[in-house]
Amino acid sequence: MIIANNHGQVNVPPEQPPLTVEPQSELCHSPSGIPYIDWGGDGPPLHLAHANGFPPATYRAFARCLAGYHCLSYKARPLWGGQDPGHFHHWRELAADLSQFLRDVAPGPVIGVGHSLGAVTTLFSAAARPALFRALVLIDPVIFPLPMSPVLAVAERFSLSSRARLPTLTRRRRMEWASREEVFSSFRRAHVFARWSDAALWDYVTAVTEERPEGGVRLRYPREWEARIFETVPPDSWLAMLRLRALPTLVLRGELSTTFRSGTMRTMRWFVPRARFVQLEGADHFVPITHPQETAEAVLSFLEGL
């Protein structure tokens, strides 16, 4: 049975439940102990950095569209286990983790692809260690309008961000369910996933949940970590951009995104004048998940010109 949702998107409900375990490649670890997915491929090395709250396996469909490259995806620190978010202060710490991971596993400069949080950590990593990268693809990065930078700096200085709505709601997020099917049904009704296909949502549910010893499933991405990352959106992303001028860069935005706004992208042209800027029509902040083929086509077109 084929169902069209309220956004005109055609969804085919899955006939079988999702995998109950993550793929074997999830068990890979770098020499420094950083877990990652090796998506395979024999081409040039490409790293795909994930968003806050969305583990790498969420991007299965997008990664498959990049099969001409050897695609890797590290798991950011919230997914390592045993890490205290109370000691986390800046996204540069995640960028340092990414830099270490690339030094561990990459045979040479990589194509750095990142979405949302992953785009910004890739940006900071490239600004600090440009020799690790051959080119950058920043997909709907969490970069607020330039005039907001002083506001973010004040919020960071006086720890005001913990009172913001998004971190507060995140800390109240439900963590446990009876089954993955229950998680899927709950998420399917959520407005944030309205544009997601059932297949994409199942990828996310499978990626973000783990089985509990006592039965049922729970989220593997700790809500305290997710909230802490929301609290520490960096005020200095604009300064980091100034160090990208020598790197080929693609900046990609979803037309309907409320995270990376069109005005912010226009301002970014002044900071990275040699970059290519692309907007995908009908897509929101989750563009590589909801529009994997179109996103990959834009990325591959950019990479062909290198």
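Most tightly packed first, judged by the mean number of other beta-carbon atoms within 10 Å of their residues, the peptides 125-133, 53-61, 107-115 read 53-61, 107-115, 125-133. Converting the Cα gyration tensor eigenvalues of the range 186-282 into ellipsoid dimensions via √(5λ) gives semi-axes, longest first, of 34, 18, 12 Å. Show me the GluC sites (Glu not before Pro) within the range 181-249 that DSSP assigns to loop and that have at most 12 other Cβ atoms within 10 Å of their Cβ. Answer by residue number: GLU214.
Geometric descriptor of the range 3-304, per residue, is 133 Å³ (volume of the convex hull of the Cα atoms). Projecting the Cα atoms of GLY216, HIS191, SER179 onto the charge dipole of the range 172-218 (Cβ charges, centred on the Cα centre) puts HIS191 farthest toward the positive pole. Relative protection proxy for 285-291, 240-246, from highest mean packing down: 285-291, 240-246 (other beta-carbon atoms within 10 angstrom).
Would you please classify the overall shape of the range 167-211 from the alpha carbon gyration tensor, given that a ≥ b ≥ c denote the square roots of the eigenvalues, rounded means a/c under 1.5, and beyond that prolate means a/b larger than b/c while oblate covers the rest? Can you show the working numbers first?
Working: a/c = 1.83, a/b = 1.15, b/c = 1.59.
Verdict is oblate for the range 167-211.
Oblate is the label for the range 180-236. Its Cα gyration tensor axes, ordered a ≥ b ≥ c, give a/c of at least 1.5 and b/c at or above a/b.
Every read-out reported here was derived from the displayed coordinates using simple, explicitly stated rules and does not represent laboratory data. Because the structure is predicted, anything quoted here is derived from the model rather than measured. When we count neighbours, we look across all protein chains shown, and the Cβ atoms used for this are built from the backbone with ideal geometry, even at glycine.
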